[in-house]
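Asks: Right, I'll just put the structure down here and ask away after.
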Amino acid sequence: MRIFITATNTGVGKTYTTLRLLDIAKKAGLKPGVIKPIETGVLGSPDDGSKLFTKCQELNPNLKSLALEDIVPYQFKLPAAPYIAKGKSNIDIKRIKQKIDRIEALCDILFIEGAGGLMVPIEKDFFMIDLIKTLQAKALLVAPSKLGCINDTLLSLQALKNKKIPHRWYLNLYEDKEEFFKISYPFFADYFDKVPLDLPSIFKSYVHFDKI
């Protein structure tokens, strides 16, 4: 199974969530794998990718044969959307697929971490949401707890629905955490059957995704 971790925007907690999911999968008796196809703002070694690389090798010895470049095949210095950060370089989706095929052969479940939000451009007419669709992955949308999260969450969920991408979402409580239950939670509680705050439960739902 492929689970693509995306978010309503940058700095929302994708890497934090992915690291937790790796641990959760391991505790569930699975051999997890991970890839972050594109990371920007890389000066020397990719910060997020290095954390993922270390964690996945710790949890799945099969991945010790891999190099950091397998986990983060595209690295760019400029802290910008991939379309801009890559300059004249080419991001080859076939190469990303090849890396994914190699890692999948070594694990039971693969977590794919995106860059930024759903509409971050990779090419002029190809966005992060299109990469999710192309990779035929199920999506996990990470939403923040800060003011403005209602609008951002609903827009992102609608985009996933319009693309017919199977998805779940998760509210990462980290910013404006105390105020969240006063200024945003009441709407979420009324609008949704359940506000997804428990990541282990969300992970379990992927096992029976088509039955829910």
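Bear in mind that the values in this text are calculations on the coordinates, not laboratory data. Not measured: the values here are computed from a predicted model. Positions of Cβ are generated from backbone atoms using ideal geometry, with glycine treated the same way; all protein chains shown enter the neighbour counts.
Asks: Collect residues whose amide H, placed 1.01 Å from N in the peptide plane, falls under 5 Å from the amide H of I5; neighbours closer than 5 in sequence don't count.
Replies: Residues meeting the amide H criterion: I112, E113, G114, L140.
Asks: If you take the beta carbon distance between D108 and S45 as r and set R0 to 30 Å, what does 1/(1 + (r/R0)^6) give as a FRET efficiency, to the nearest 0.05?
Replies: Values: r = 28 Å, r/R0 = 0.92.
So the FRET efficiency works out to roughly 0.65.
Asks: Can you tell me the relative contact order of the chain? Whole percent, Cα pairs under 8 Å, sequence separation 6 or more. Working shown, then result.
Replies: Working: 350 pairs, mean separation 57.2, N = 212.
Answer for the chain is 27 percent.
Asks: Here's another thing I want to ask about it. So for the pair K64, K77, with labels modelled 7 Å out along Cα→Cβ, what separation do we get in nm?
Replies: Label-label distance for K64 and K77, simple model: 3.5 nm.
Asks: Quick one: of K77/K99; K51/K161; K36/K124; K31/K204; K64/K164; K55/K88, which pairs are farther than 25 Å apart, Cα to Cα? Show your work: numbers first, answer last.
Replies: Numbers: K77/K99 21 Å; K51/K161 31 Å; K36/K124 20 Å; K31/K204 15 Å; K64/K164 35 Å; K55/K88 32 Å.
Over 25 Å apart, Cα to Cα: K51/K161; K64/K164; K55/K88.
Asks: Compute the signed sum of charges (Lys and Arg +1, Asp and Glu -1) over the other residues within less than 9 Å, Cβ to Cβ, of L110.
Replies: -1
Asks: Okay, next question. How large are Rg and Dmax for the stretch 78-212 when only the alpha carbon atoms are used, in Å?
Replies: 16.6, 47
Asks: If I model a spin label as a point 7 Å beyond the Cα along the Cα-Cβ vector, how far apart are those points for K94 and Y174 in nm?
Replies: About 3.7 nm separates the two model spin labels.
Asks: Lysines within cross-link reach of K146: Cα-Cα under 22 Å, excluding same-chain residues under 8 positions apart?
Replies: K14, K177, K182, K194
Asks: Net charge near P32, counting Lys/Arg +1 and Asp/Glu -1 over other residues with Cβ under 13 Å of its Cβ?
Replies: Details: positive: R2, R20, K26, K27, K31, K55; negative: D23, E58, E104, D108, E113.
Counting the neighbours of P32, the net charge comes to +1.
Asks: Then there's this: Where does the chain land at 222 nm, in deg cm²/dmol rounded to the nearest 500, when only DSSP H runs of n ≥ 4 count, each adding -39500 (n - 2.57), divided by all residues? Mind showing how you got there, number by number?
Replies: Details: 10 runs with 91 residues, N = 212.
Taken over the chain, the calculation gives -12000 deg cm²/dmol.
Asks: Another question, if that's okay. By how many nm would the segment from D101 to D23 lengthen if fully extended, with 0.36 nm per residue of separation less the alpha-carbon distance?
Replies: Stretched fully, the D101-D23 segment lengthens by 25.9 nm.
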